[in-house]
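Following: one structure in structure tokens, then a few remarks.
Only the coordinates and a few stated rules stand behind these numbers; no lab work does. Remember, predicted model here, so these are calculated numbers, not experimental data. Here the Cβ positions follow ideal geometry from the backbone for every residue, glycine too, while neighbour counts run over all protein chains shown.
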Amino acid sequence: MDATFVISNATIAPICASDPSDVIPSATIVLSEDKIAWLGADKDCPESYRQNGQHHDAKGACVTPGLIDCHSHLVYGGERAHEFAMRLEGADYGDILKQGGGILSTVNATRTASEDALYLAARARVQSLMDEGVTTLEIKSGYGLDEDTELKILRVVRQLSQTCPIEFHPTLLAAHALPPEFTDKTAYIDWICQTLMPKVAEQELAAAVDIFCEPIAFDLAHAEKLFKKAQDLNLAIKCHAEQLSASGAAALAARYGALSIDHGEYLTVDAIEQLADAGTVVVLLPGAYYFLREQQTPPVSLLREHQVPMAVATDSNPGTSPGTSLLWMMNMACVFFGLTPFEALAGVTCHAARALGWQERLGSLKQGLQADLLVWPTENPEMIAYAMGQVKPELIFKKGKLLKGSL
Ligand code: NIG
Ligand code: FE
């Protein structure tokens, strides 16, 4: 195998799930086409790899896997600055939704936006994430809630994947809120299962389905129907669970083999045991916790004790987390939730890959995995979560191609 790029004299943080804080000093990583051909100590690098490819002396700089934002809703129309101001005056997030605002106000703006306008707005958000080293990005629908608009959002995600040099994981979140056309939640879930999901599956517009399980949205019976249908259609399962209340949705999702449950502030010990058994990831979303001024933090010590993988994501959306900085989320996961800087790094790499079901292919630096990697302007991997977005990667490789920087 010929080398295409050889990066030596690096501090390599492979971020493997078994020990994310493992670091190889004075190390070399060899890329061959889209894969990692070899990595290890400089002195052990096989002679053959020294002969070909483009060489780069990292001068001690840290190399990590490409970042993965495994939870976002960044295709939407409009904004919700007015609602932000109302909430600062004391209005409640759930009450705003019940009065037809909140998610439903973004649904109106998204329904009326053209596909091109949605694409352009989303493209700018994707660019901010890419600048920080995000090489894989999950995007959910959920601001359409009718056939035309849900498909329109998922087509925008497809267009992004055809025009941006990173990878996308599309998720159907039609079960986000009750649209104005329906008065009965069960009837709406039945329509999603019987009409929308088969179309989405047939057009291969989503890889997974998700549901917002809260008293202000959908309940366990709705979630179970959706999960059963997802299994029939071979779609993976994700679930917004235990954010505002302990609904039991996380345990249900674990029983259906969900890739992830997301938020998790109100997780119980019992649910955590079931998540551990199922290998389901908990995706922590500190941006929403911060923006909604939530009082309950996720039970990180218990998750750690039960070895439940913890991912960290932006949740980028207009209502509860309008930003597009995964680096800031890493910092907030440390400050608000008590993750270590290495846990935060694992949360946006190996555990985020597992939350997408792609851990066999990406998320760590290992021989044979996809060559998604970043070279940072620091020798210390802990700087990445520490620096509040100040430290950004100098070189970005996706599938072995150099996207940013020069050697
Ligand atoms: O993950 N919780 C549901 N969905 C989003 C918020 C959506 C919105 O308010 O527009 C979330 O926080
Ligand atoms: Fe979300």
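Observations
- The length gained on full extension between T195 and Q127, counted as 0.36 nm times the residue separation minus their Cα-Cα distance, comes to 21.1 nm.
- Nearest-20 debye value, the chain charge dipole, Cβ charges on Lys, Arg, Asp, Glu: 640 debye
- Three-way shape label, segment 256-402, alpha-carbon gyration tensor, a/c 1.5: oblate
- 18 Å reach of a label modelled at A91, 7 Å along Cα-to-Cβ, counting backbone N of segment 298-340: 318-322
- A straight Cα-to-Cα reach below 27 Å connects K185 with the lysines K98, K140, K152, K199, K225, K228, K229, K238, residues fewer than 8 places away in its own chain not being considered.
- Partner aspartates and glutamates for K35 [C-alpha distance under 18 Å; skip if fewer than 8 residues away on the same chain]: D2, E167, E360, D372
- Placing a label point 7 Å from the Cα of V335 along the Cα-to-Cβ direction, the residues of segment 77-109 whose backbone N falls under 20 Å from that point are 88.
- Segment 63-76 - phi-based ³J(HN,Hα) in whole Hz, Karplus 6.51/-1.76/1.60, Gly and Pro as x: 10, 10, x, x, 7, 10, 9, 8, 7, 8, 10, 8, 9, 7
- Note on the chain: Cα-Cα pairs beyond 27 Å make up 48% of the total pair count.
- Computed helical MRE - 222 nm, the chain, DSSP H runs ≥ 4 contributing -39500 (n - 2.57), nearest 500: -10000 deg cm²/dmol
- Full extension of the chain between D277 and Q307 gives 9.8 nm of extra length, using 0.36 nm per residue less the Cα-Cα distance.
- Between N108 and L220, the FRET efficiency from the beta-carbon distance, with R0 = 35 Å, is close to 0.75.
- Gyration tensor (alpha-carbon) shape descriptor, segment 296-372, a/c threshold 1.5: oblate
- Look at the Cα gyration tensor of segment 343-407: its axes a ≥ b ≥ c give a/c of at least 1.5 with a/b at or below b/c, and that counts as oblate.
- With Cα atoms defining each centre, segment 212-278 and segment 331-396 are spaced 26 Å apart in the structure.
- Counting only Cβ charges, +1 for Lys and Arg and -1 for Asp and Glu, the dipole size of segment 144-228 around its Cα centre is about 200 debye.
- The listed peptides 129-142, 33-46, 386-399, ordered by packing as a protection proxy, come out as 129-142, 386-399, 33-46 (highest mean of other Cβ atoms within 10 Å first).
- Virtual paramagnetic centre 7 Å along Cα→Cβ of T378, amide N under 19 Å, in segment 50-75: 58-69
- Burial ordering of I272, I68, fewest other beta-carbon atoms within 10 Å first: I272, I68
- Built amide H within the under 5 Å cut-off of L395, gap 5+: V375
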